[in-house]
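What follows draws every value from the coordinates through simple rules; no lab data is involved. Everything numeric here is computed off the predicted structure, so don't read it as measured data. Note that each Cβ is placed from the backbone with ideal geometry, even for glycine, and that neighbours are counted across all protein chains shown.
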């Protein structure tokens, strides 16, 4: 380029070679330059306070669009059809979940006919209106949205009804839309767009090298050539090995890939800032070529574990662009020992709720005196609520709230909190619900007529705290007598740790906490994608596990839309899950659990995977016979998506689906299998997951499955290819002929069982004690007369075959989420709390097996209600500007009745493991009773027990293990059971505290008692004296 005449040179370079269809061509030298269709420079309407970076672009300069405003005449935008393209590289401030616009309108959010290229929630987007014609998709594999990395965005539009979006020359998505009638626009904005309120602009927070607009729709080949025409090397770097390091000298493995269109010949400089280790690596890579690089270990880390690696090199046209990357590596600092002393609590505020008027209320709270009880009661409608505010001494303080509730009638009481400010969505995720608690009184639980006192411990992220008491069920108003608020000094840890039992089994049963959603850090302390913050929050969680004695953690790693970690098998997912986690958090969790003797079971509970998205087609494509992965229902409906309680849209029998799941299994193995805590993987077999076959023989009538089954049977398949009616015809061919239906059931079971066995084999090959846990939710007792055994076979679950595999464990999920929509949006009537049918007849297929149990507690999500504009909000005093946009609360039975969940599962299944939770913290507010019960339970050996006797609903069972006789007596009823015992033979004592067997005792409601003989002494007998 002739630098003495930069504008002239730029026009010669880009205008002369440009196709005739170019109507707007924007570049940057030492100022913005735009050329119109006639080759003449266009004067901007507005060009104020611009941030020009003369050497930062691909061709020279770049516009840093984080301030100012650049507007060109709107008439440059073709009205009928066109193509818009831009070369963009985000700033650090443009990589979050905000609105980042690269082209937009000067006056409105989204007028019809104005092409807008933008990002939101980490996805490229394009539209020509306020939203109905929007298209968006995740970045394709191999692309990344990172500072210093240039991305080519292109989109086409035709007002007759089609829009398309491309990234780096690849078609990302297209959509048929309703036609529109464009109106003349005043101005086209480069690097920004009007915000939703039309009172400001959403900046691009990026470097923009160029923007071009064509007056025609370019085809895919032309757009690919446009991308490839910018001849430059461009490196992508990833760490295929661990980012959580086991030691300072663990080598660091990198993989560089040349994503550009020209050979890369450069030197990459590297540096570990903390240790000061530096070096350089020469790289020569052809376009599309990848190569590994091995670096020495980090050497050391900062006090909070930061061992990040900094990389730097030159690339782009003539290597003029300096690229810098910072890869997070984490060397976990030593985890402290469990706490031996309780916190030193300091009183902050003691609130007499009867006497003190709340700071804010919705629905008319009132003071009530009922006999000896005095309390404040919320209104009787769902989400009637009131709040008190508290000022703490600082942020991130452990808080203990002692809440006293009236136990005088049937109530559903939600108890939660709010803080004034929320965290950046780009770091913490978009769904920042406060996780609360609550209690249930009355109903099946006897009321005392007095008060119930519960303690809730949590970390307050702000020094301003609001405590919210909220009604849920109609006619069951929430109420509270008093709220005593205490805080612990800064830096306090939770404790003390629960002492171990004196004589528990060596191979003992486990109890633990289960999360359906990835919100463990929200339960303890807000943490985002950085390792140090997550590790600090998880350390709080480990202290909680020690305080309550829990020995298992069940937590998701692959969730609704894919992996929650930075997956190489499914690139482009992370950060995912609406509540963000560090890139290799499963390894860090496994390491920390190992240090504390806690087991870790990662779970898969996803609806879809990005790698399979291209193989999900439209109903028309499936009907035409295109080989796709969609499931088809028995009434001939082609499924293209799924949701809660809907059938899967991915066919779990297809090898492509199974291989995608196996790749994730291997990836989790690679992260965790070297850690003692790793117990394998749990498949949450909910309706829509691609690891199971759905319910009721409702799906599996697609062409591939039908052809495979017909070949297996040696029968001719009915229905003509390409005829939509063939799907229904084939389902009737199977379902209406009993022998063929039975064969189809068995064939599906065999196919999916083989897949489960293959997963289990991979797990056992990676770690000798790893298991595949099949977490079986269905069938539910949602209608009378359900044949449980038949319904299991319709899901493809052959329990007899599966139980025989040494690395498969069956897990019965017991929960209430079948009423989820009613929980979120109560209408008429009352929510049913116990959706689990405790009768042995209903659960018979699960009995007398080696089985564990996951107790999924009912929880109430309020964001579906509180997020509505018409819903009244709490008007809290300053510094609050709004109520928490959503809360998730988990009212549970209180005191001894809480243990009814445990007692029911032990009595019903002789469960060898018990995990409890859901969305929030499973034991919150019920820690003393639950800790005592599970401490007794964890002394039991992991073997099958047999029934000895039953009395008053209490069940006595016996087993021999580890050279001792073992007995437990469980009372699953809400009433105490008084009985007398007679023992003969070797002496029986409690393995918890070595107390001798009493001759008579009263087993409390939902209680558990355990005894054993001394090691080496067997032959005892224990009976209930009637």
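For the chain, rounded, prolate or oblate, judged on the Cα gyration tensor with a ≥ b ≥ c (square roots of eigenvalues), a/c < 1.5 rounded, else prolate if a/b > b/c?
prolate
Let me have the relative contact order for the range 851-949, percent, based on Cα pairs under 8 Å that are six or more residues apart.
With pairs under 8 Å counted, the relative contact order is 36 percent.
If packing is taken as the mean number of other Cβ atoms within 10 Å per residue, what is the order of 282-291, 903-912, highest first?
903-912, 282-291
Could you check how many percent of all C-alpha pairs in the range 703-748 are farther apart than 15 Å? Provide the component values of the computation, followed by the final result.
Details: 383 of 1035 pairs.
Of all Cα-Cα pairs in the range 703-748, 37 percent lie more than 15 Å apart.
Which of 1012, 764, 194 has the fewest other C-beta atoms within 10 Å, and how do the rest follow up to the most? Spell out each step's value before the answer.
Details: 1012 29, 764 18, 194 22.
Ascending Cβ contact count within 10 Å gives the list 764, 194, 1012.
May I ask for the distance between the Cα centers of the range 31-55 and the range 685-752, given as a whole number of Å?
62 Å
To make sure I understand, if each residue's beta carbon is the centre and we count other beta carbons within 10 Å, what order do 157, 375, 514 fall in, fewest to most?
Numbers: 157 29, 375 23, 514 26.
Ordered by Cβ neighbours within 10 Å, fewest first: 375, 514, 157.
What order, most packed first, do the peptides 978-984, 158-164 have when packing is the mean number of other Cβ atoms within 10 Å of each residue? List each step's numbers first, then the result.
Working: 978-984: 14.4, 158-164: 17.7.
Packing proxy ranking, top to bottom: 158-164, 978-984.
Would you work out the relative contact order for the chain, in percent, from Cα pairs under 8 angstrom that are 6 or more residues apart? It would help to have the intermediate numbers written out before the result.
Numbers: 2596 pairs, mean separation 87.0, N = 1026.
The value is 8 percent.
Mind jotting down the distance between the C-alpha centroids of the range 125-141 and the range 921-995, whole Å?
Going from one Cα centre to the other spans 59 Å.
Which whole-number percent gives the relative contact order of the range 946-1025, counting Cα pairs below 8 Å spaced six or more residues apart?
Taking the mean separation of contacting Cα pairs over the length of the range 946-1025, I get 36 percent.
Mind computing the radius of gyration and Dmax over the alpha-carbon atoms of the range 34-80? Å is fine for both.
Just the Cα atoms of the range 34-80 yield Rg and Dmax of 12.6, 36 Å.
For a quick check: sort 863, 508, 417 by the number of other beta carbons within 10 angstrom, fewest at the front.
With the sparsest Cβ surroundings first, the list reads 863, 508, 417.
Provide, in order from the shortest bin, the percent of all Cα-Cα pairs of the range 6-229 in each 5 Å bin, continuing until the bin that contains the maximum pair distance.
Pairs per bin, as whole percents: 1, 7, 16, 21, 23, 18, 10, 3, 0.
Roughly how many nanometres apart are two label points built 7 Å out from the Cα toward the Cβ at residue 720 and residue 978?
8.1 nm
Given points 7 Å out from each Cα along the Cα-Cβ axis, report the residue 502 to residue 249 separation in nanometres with one decimal.
4.6 nm
For the range 544-676, rounded, prolate or oblate, judged on the Cα gyration tensor with a ≥ b ≥ c (square roots of eigenvalues), a/c < 1.5 rounded, else prolate if a/b > b/c?
Cα axes put the range 544-676 in the prolate bin.
So how much slack lies between residue 337 and residue 946, counting 0.36 nm per residue of separation and subtracting their Cα-Cα distance, in nm?
Extra length from residue 337 to residue 946 when fully extended: 215.4 nm.
Hey, quick one: spin label on residue 300, modelled 7 Å out along Cα-Cβ, who in the range 216-250 has an amide N within reach, i.e. under 15 Å?
248-249
Where does each of 941-948, 148-155, 765-772 land if you order them by average Cβ count within 10 Å, highest first? Don't jump to the answer; show the numbers that get you there.
Values: 941-948: 15.2, 148-155: 23.9, 765-772: 16.9.
Most protected by this proxy first, the peptides run 148-155, 765-772, 941-948.
Need one number for the range 235-327: average projected area of the convex hull over its C-alpha atoms, nm².
Reported value for the Cα convex hull: 5.6 nm².
Where does the chain land at 222 nm, in deg cm²/dmol rounded to the nearest 500, when only DSSP H runs of n ≥ 4 count, each adding -39500 (n - 2.57), divided by all residues?
Taking each H run of at least 4 residues, the total per residue is -5000 deg cm²/dmol.
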